[in-house]
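The values are calculated or read from the model by the stated rules, or taken from the named source; none is laboratory data. Please read all numbers here as calculations on a predicted model, not as lab measurements. Here the Cβ positions follow ideal geometry from the backbone for every residue, glycine too, while neighbour counts run over all protein chains shown. Protein only, heavy atoms only, side chains kept; ligands, DNA and RNA dropped before computing areas. Shrake-Rupley method; radii C 1.70, N 1.55, O 1.52, S 1.80 Å.
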Amino acid sequence: MLTPEDRKILAEVLKLARRAQALLTAGSYHQAIAVSDTALKRLARSRVKSMSEGIMVRTMLLVSKGTSLSIRGKPAAALLILTEALDLLDHPPLSNRPELDGDRAAIVTIIGNARGALGDHSAALVSHTRATELHRMSHLAQRPELDGDRSMVAINLGAAHYGLGDHNAALAAYARAEKLHLLDHLAKRPELDLERAQLAMNIGAAHDGLGNYKMALAAHVRADKLHLLPHLAERPELDVDRAKVATNLGAAHSALGDHNAALAAYTRAEDLHFLRHLAKRPELDVDRASIASNKGLAFFRLKKHAPALAAHDQAEKLHLLRHLAKRPELGGDRALIAMNRAG
């Protein structure tokens, strides 16, 4: 039984929970985390925390905090917080409320993404499979407004399969996402073009893995065209993705023996990396080294040995940078550059 004091505390914390959700939606992730923490501490000091109403509000706060952490690139912290939120939803008094299944699917999806970001693709697959099953439940499957979420779940499922090396299963999942994007109410939404571009990139990568280079090239061309749409082309934060698409195009052209086209694609990727907002990001130096190495190989296959040597020298110099030189997992890349440089 809620006392007047309990109701006062619950109203106060619920107001903070809604504030955290609004901040999350507005992209103010640091503030969303701060407000969630304030509310969680207030809730922890009250007896409302063990009541069903308090448990529901705690779940809301954990989801806002965990989602914000995930978006800010902190998958380990996000995983810890969101696992607690899911545990609350999966146990009484919330477990017998089917109207929360959409929330469960959303939380499981973010948990899967966090696990994937941490390299645990098997655990990610478990999460994305559960999200898929939740979306197939009749009371959710009948809601067309969730088709966008279902598409993202399929893309995430495909990414988990890809991470485990099962490219055929990845393509099957991506095909389901493509089918959803053909539905009129999704196809008409330009705000989903970025998701469609990512889907095309993923499809291309899976075909690359299977050696289906013509199909890979077609997918990378689709991704490239989508990234050049005016409403995406004007977004500089997508230049990293555009560079990746150009690099993928170069690799597909190279695999098909069109080294001139490969060289043009690698040069475009390199030009993007020379843009000021990318050039000052040292975490991209490994990508720059890979592009230079691939560019050198394209020059070599075109019997242009002087520029080939210059490109391999550039790749080698990048690998001598301290933050790359101390990474043993890049030893294979360094050995390949040395081999290519030797001719």
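Scan His220, His277 and give me the residue that is open to solvent by 60 Å² or more (accessible area, probe 1.4 Å), under 26 Å from Ala315 (Cβ atoms) and part of a helix (DSSP H, G or I). Show your work before the answer.
Details: His220 fails: open to solvent by 60 Å² or more (accessible area, probe 1.4 Å).
Within the list His220, His277, the selection yields His277.
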Being more than 23 Å from Ala255 (Cβ to Cβ) and of a type in the set (Gly, Ala, Ser): is that true of Ala306 here?
yes
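Going through Val35, Val57 one at a time, which residue ends up being modelled with pLDDT of 95 or more, under 19 Å from Pro93 (Cα atoms) and either part of a helix (DSSP H, G or I) or open to solvent by 10 Å² or more (accessible area, probe 1.4 Å) (or both)?
Working: Val35 fails: under 19 Å from Pro93 (Cα atoms).
Of Val35, Val57, the one residue that is modelled with pLDDT of 95 or more, under 19 Å from Pro93 (Cα atoms) and either part of a helix (DSSP H, G or I) or open to solvent by 10 Å² or more (accessible area, probe 1.4 Å) (or both) is Val57.
Restrict the check to region 135-148 and report whether at least one residue is under 17 Å from the mean Cα position of the chain (by Cα), touching a residue at least 12 places away in the same chain (Cβ under 8 Å) and either surrounded by 15 or more Cβ atoms within 10 Å (Cβ to Cβ) or over 16 Å from Gly102 (Cβ atoms) (or both). Talk me through it step by step, then tell me what you get.
First pass over region 135-148, keeping only residues under 17 Å from the mean Cα position of the chain (by Cα): 148.
Filter once more, keeping what is touching a residue at least 12 places away in the same chain (Cβ under 8 Å): 148.
Checking the rest, the ones that are also either surrounded by 15 or more Cβ atoms within 10 Å (Cβ to Cβ) or over 16 Å from Gly102 (Cβ atoms) (or both) come to 148.
Yes, there is a match, as at least one residue in region 135-148 is under 17 Å from the mean Cα position of the chain (by Cα), touching a residue at least 12 places away in the same chain (Cβ under 8 Å) and either surrounded by 15 or more Cβ atoms within 10 Å (Cβ to Cβ) or over 16 Å from Gly102 (Cβ atoms) (or both).
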In region 38-50, the residues that are open to solvent by 50 Å² or more (accessible area, probe 1.4 Å) and over 20 Å from Pro93 (Cα atoms)
Thr38, Lys41, Arg42, Arg45
If we scan region 119-134, do we find a residue that is farther than 22 Å from Ala77 by Cα and open to solvent by less than 30 Å² (accessible area, probe 1.4 Å)?
yes
Any residue in region 294-307 that is in contact (Cβ under 8 Å) with a residue 12 or more places away in the chain sitting within a Cβ distance under 9 Å of a residue that is part of a helix (DSSP H, G or I) and open to solvent by 90 Å² or more (accessible area, probe 1.4 Å)? List the pairs, counting only those 6 or more apart or interchain.
Gly296/Arg341; Ala298/Asn260; Phe299/His305; Leu302/Asn260
Can you give me the number of residues within region 294-310 that are open to solvent by 10 Å² or more (accessible area, probe 1.4 Å) and either acidic (Asp, Glu) or assigned to a helix (DSSP H, G or I) (or both)?
11
For region 158-176, name all the residues that are open to solvent by less than 10 Å² (accessible area, probe 1.4 Å) and closer than 15 Å to Gly112 by Cβ.
Gly158, Ala160, Ala170, Ala173
Consider region 1-32. How many of its residues are among the aliphatic types (A, V, I, L, M), surrounded by fewer than 16 Cβ atoms within 10 Å (Cβ to Cβ) and assigned to a helix (DSSP H, G or I)?
2
